[in-house]
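Q: Submitted below is the structure of interest, expressed as structure tokens.
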Amino acid sequence: MKALIFAAGKGTRLKPFTDHHPKALAKVNGIPLLERNITYLKGFGITDFVINVYHFGDQIIDFLKKNNNFNCNIEISDESEELLETGGGLIFAKKFLDHGEDFLIMNADILTDININNLVEYHKKIKDFATLAVSDRESSRKLLFNDDMVLRGWLNVQTGEQRLAEFNKGFKPYAFSGVHCINPVIFDKIKRTGKFSVMEEYLDLMQTEKIHGFLHNSILIDVGRPASVIEAEKYFK
């Protein structure tokens, strides 16, 4: 299975580090996030990667070369002309991913110990085009699921704004974990072009398609702010 790692973002919350470096190279206990996630996914037998780059992308490319691609097959989806966000980045990387095989997507700034084998097994069993890893943790935005763990809505916890596919029948709110398993048939379903968030597309598609959540209780830290680096260092040695 291939994995697409989103490493293009500007990482503004991680300033001042990201004034001169990509956030994917921010270090937790001396090891860059990108290296940690490549090693993590290799632990589940994944050795084929697509990494999208934009902000200081040359530093990521140099880092991978210096480390012999961590003995993996790594392709670069170079967005240096325009940062395309997660949805646009996925479409831009289509040529690397649209080969009839399921693939994994992971944000470079997420550190977790989710069992990827369990996620993939669940994804294949329910035969969805997208399965989103989610957990019950604090987050300003939540995805809403019915009793069958099918995506039915989105909630901004702070403002109360909601997007629903149907009347809220006691939907369960969970936080998205930045890891998803995808069937390439998604490329036929996505309607947007250019720069857009893949979550916006999921929230449109939930009206007509089944998108499942994979509930986990694993450690998950969004290493988006300097304070979260300190938090991550407690768990990831």
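Q: Every residue in region 166-188 that is surrounded by fewer than 21 Cβ atoms within 10 Å (Cβ to Cβ), within 20 Å of A133 (Cβ to Cβ) and in contact with a Lys or Arg (Cβ under 6 Å, 6 or more places away or on another chain), please.
A: P173, A175
Q: Oh, and also: Hey, can you tell me all the residues within region 167-184 that are at pLDDT below 95 and not polar (S, T, N, Q)?
A: Matches in region 167-184: F167, K169, G170.
Q: Filter region 64-91 for residues that are at pLDDT 95 or above, more than 18 Å from the chain's Cα centre (by Cα) and surrounded by fewer than 19 Cβ atoms within 10 Å (Cβ to Cβ) and give the result.
A: Of everything in region 64-91, those that are at pLDDT 95 or above, more than 18 Å from the chain's Cα centre (by Cα) and surrounded by fewer than 19 Cβ atoms within 10 Å (Cβ to Cβ) turn out to be K65, K66, N67, N68, N69, F70, N71, C72, N73.
Q: Of the residues that make up region 111-131, is at least one open to solvent by 40 Å² or more (accessible area, probe 1.4 Å) and in contact with a His (Cβ under 7 Å, 6 or more places away or on another chain)?
A: Looking for residues that are open to solvent by 40 Å² or more (accessible area, probe 1.4 Å) and in contact with a His (Cβ under 7 Å, 6 or more places away or on another chain), one finds at least one in region 111-131, hence yes.
Q: Which is in contact with a Pro (Cβ under 6 Å, 6 or more places away or on another chain) and within 23 Å of K237 (Cα to Cα), of I31, I60? It would help to see each step written out before you state the result.
A: Numbers: I31 fails: in contact with a Pro (Cβ under 6 Å, 6 or more places away or on another chain).
Result: I60 is the single residue among I31, I60 that is in contact with a Pro (Cβ under 6 Å, 6 or more places away or on another chain) and within 23 Å of K237 (Cα to Cα).
Q: Restricting to region 191-237, give me the number of residues that are in a loop (DSSP other than H, G, I, E, B), open to solvent by less than 20 Å² (accessible area, probe 1.4 Å) and either of a type in the set (S, T, Y) or in contact (Cβ under 8 Å) with a residue 60 or more places away in the chain (or both).
A: 5
Q: To continue, here is another question. Restricting attention to region 123-156, report how many residues are closer than 17 Å to L220 by Cβ and of a type in the set (V, I, T).
A: The number of residues fulfilling the criteria is 2.
Q: If you don't mind, another one. Could you please let me know if Y40 is touching a strand residue (DSSP E or B) at 6+ places or on another chain (Cβ under 9 Å), farther than 28 Å from N115 by Cα and open to solvent by 10 Å² or more (accessible area, probe 1.4 Å)?
A: No, not satisfied.
Q: Something else: Can you work out which of the residues in region 140-159 that are open to solvent by less than 10 Å² (accessible area, probe 1.4 Å) and free of Cβ contacts under 8 Å to residues at least 60 places away in the same chain is farthest from E200 (Cα to Cα)?
A: This residue is L144.
Q: From E85, E35, E81, E75, which residue is closer than 12 Å to A108 by Cβ and acidic (D, E)?
A: On the way: E85 fails: closer than 12 Å to A108 by Cβ; E81 fails: closer than 12 Å to A108 by Cβ; E75 fails: closer than 12 Å to A108 by Cβ.
Checking each option against the conditions leaves just E35.
Q: Step by step: first the residues of region 11-49, then only those that are in contact with a Leu (Cβ under 7 Å, 6 or more places away or on another chain) and either part of a strand (DSSP E or B) or among the charged types (D, E, K, R) (or both), then the one that is nearest to R225 (Cα to Cα). Which residue is that?
A: Restricting to residues being in contact with a Leu (Cβ under 7 Å, 6 or more places away or on another chain) and either part of a strand (DSSP E or B) or among the charged types (D, E, K, R) (or both), the top hit is K23.
The values are calculated or read from the model by the stated rules, or taken from the named source; none is laboratory data. Note that the structure is a prediction, hence the values are computed from the model and not measured. With ideal geometry, Cβ positions are generated from the backbone for all residues, glycine too; neighbour counts draw on all protein chains shown. The area values use the complete protein model at the heavy-atom level, side chains included, leaving out ligands, DNA and RNA. Shrake-Rupley method; radii C 1.70, N 1.55, O 1.52, S 1.80 Å.
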